[in-house]
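Only the coordinates and a few stated rules stand behind these numbers; no lab work does. Just so we're clear, the structure is a prediction, and the values are computed from it rather than from any experiment. Every residue, glycine as well, gets a Cβ built from its backbone with ideal geometry; the counts of neighbours run over all protein chains shown.
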Amino acid sequence: MNIGVFSKFAMAGGSEMRCAHMCNAIAEFTEHQPYLLCEGGIPDKISSAVKPGVTVIKNVCSPDNIQNFYDMDHILVVNTDSKDFTTLDYWEGKTDRHSSFIDLEKVKGMSFLFNFIVSPARHLYQLETKCRDIRIITANKRFFDEISSKDKHEHVRHLKRFILESPIDPTCVSQDKLGGSIVRIGKHSHALGNKFNEEHAELIKRVNAKHGDRVIWDFMGVPKDRIDEIKNFKNVIIRRTFSLPVKDYLKGIDIYLFYPSWKRQEPWARSVAEGLMSGAPVVATDTDGGNRMQIINGSNGFLCKSIDDFEKNICTLIEDVDLRNKMRDNAIFYSRFFKSETVIKKFVEFISK
């Protein structure tokens with residue numbers, strides 16, 4: 001099969017990286033041919049992540065390139081927070097994103113991956129009047145169940161759907177650790193405010209009061225407001241976003257901290273998956289969505305409902321080396337379920353008739 005992975009690539013975030021890794025995995029672990037179909041251009045970071053065997057087509061919605069949609073046996077549309085993709089107007093060139101008419105009657109099959117919001121799925125019945133094979137993939141069980149339970153989705157419940165993790169390439173993550181008596185706690189992300197809880201300074205203060213001589217906090221990608229709050233702690237390292245390759249950065253992390261704003265519900269956090277695969281127990285917010293799918297509380301990490309929980313569980317991992325090592329092994333064990341090879345084979349089985 002020719003399998004296209006289509007999305008907008010206005011930035012180089014987790015969703016965009018997921019597109020590249022899906023294509024890479026198709027090329028490496030299946031007999032099918034992957035195409036990265038870009039609505040417009042493609043950031044250098046994503047382009048450099050694409051491996052040999054993947055064909056990249058930029059500006060695929062331009063009149064000269066729309067034949068590529070018809071040449072695909074199946075197209076995975078990654079909805080990176082773009083509601084337009086689920087509407088018939090988008091594909092018929094009636095929005096301000098492009099002006100080409102893409103004849104969905106010529107498109108053999110499409111799966112729509114909802115990895116940030118799922119509400120746009122309600123429009124897919126429009127596309128089904130043109131393309132006979134429309135399917136839904138959700139990033140987590142909450143999204144999956146929402147389609148079954150909310151009235152606004154009643155016209156699309158009959159569509160085939162399943163849950164798919166984001167593929168993580170094991171070669172991009174090292175399970176080696178720096179070792180030593182110092183416990184390094186960290187996280188990496190884009191420097192967005194809601195990805196870095198406003199309680200970080202208080203958490204650092206509390207843990208330092210008990211274990212300040214045994215801990216280094218190492219953060220890569222910190223919003224300016226949070227930098228101003230934590231920069232004066234002597235055991236805090238602040239790095240620019242992706243100033244180190246993730247593989248190298250995670251070698252120095254013994255406990256992965258996932259502490260976004262309490263209001264942020266992470267559908268499925270790629271950084272958490274990478275932390276687990278590197279052998280770092282994850283201490284994260286207990287919010288509905290991806291966290292509860294990725295973290296088994298008390299086994300490969302902890303789910304926390306308050307700053308008190310974060311303080312208690314981090315201190316437990318600092319103090320109990322044996323438990324930390326067991327959780328490290330469990331983190332690596334469970335990460336095999338979202339290795340690229342595992343995920344892509346599930347995907348291919350789902351789209352195959």
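Key figures for this structure:
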read-out: Residues with amide H under 5 Å from that of Ser111, placed H, sequence gap 5 or more; value: Ile75, Leu76, Val77, Arg135
read-out: Too-long pairs where the Cα-Cα distance tops 23 Å, listed order kept, from Lys94/Lys346; Lys187/Lys339; Lys45/Lys195; Lys51/Lys224; Lys83/Lys152; value: Lys94/Lys346; Lys51/Lys224
read-out: Selected from Lys224, Lys108, Lys130 as most flexible by GNM, with the chain as the system and alpha-carbon contacts under 10 Å; value: Lys224
read-out: In order through region 280-286: 3J(HN,Hα) via Karplus (6.51 cos²θ - 1.76 cosθ + 1.60), integer Hz, x for Gly, Pro; value: 10, x, 10, 10, 9, 5, 8
read-out: Inter-part distance where region 220-297 and region 311-353 are each reduced to a Cα centre, Å; value: 15
read-out: Gyration tensor (alpha-carbon) shape descriptor, region 182-254, a/c threshold 1.5; value: oblate
read-out: Calculated [θ] (222 nm, deg cm²/dmol) that DSSP helices of n ≥ 4 give over the chain, each run adding -39,500 (n - 2.57); value: -9500 deg cm²/dmol
read-out: Using alpha-carbon coordinates, inclination of helix 200-211 to the longest axis of the chain, degrees; value: 40
read-out: Residues Glu31, Glu128, sorted so that the one with the fewest Cβ neighbours within 10 Å comes first; value: Glu31, Glu128
read-out: Segment Lys312-Arg336, extension gain: residue separation times 0.36 nm, minus the distance between their alpha carbons; value: 5.8 nm
read-out: Where labels lie 7 Å past Cα in the beta-carbon direction, separation of Ser243 and Asp145 in nm; value: 4.1
read-out: Folded to 0 to 90 degrees: helix 340-351 orientation relative to the chain principal axis, Cα; value: 30
read-out: Rg(Cα)/(2.2 N^0.38 Å) for the chain, N = residue count; value: 1.03
read-out: Note, ³J(HN,Hα) from phi for region 269-279, Karplus 6.51, -1.76, 1.60, rounded to Hz, x at Gly and Pro; value: 8, 4, 5, 5, 4, 5, x, 4, 5, 7, x
read-out: Sparse-neighbour loop sites [GluC sites (Glu not before Pro); region 133-167; at most 13 other C-beta within 10 Å; DSSP]; value: Glu154
read-out: Principal-axis tilt of helix 307-319 within the chain, Cα atoms, nearest 10 degrees; value: 70
read-out: Normalised contact order of the chain, rounded percent, pairs of Cα under 8 Å and 6 or more residues apart; value: 14
read-out: Protection proxy ranking, peptides 325-332, 263-270, 207-214, average beta carbon neighbours within 10 Å, highest first; value: 263-270, 325-332, 207-214
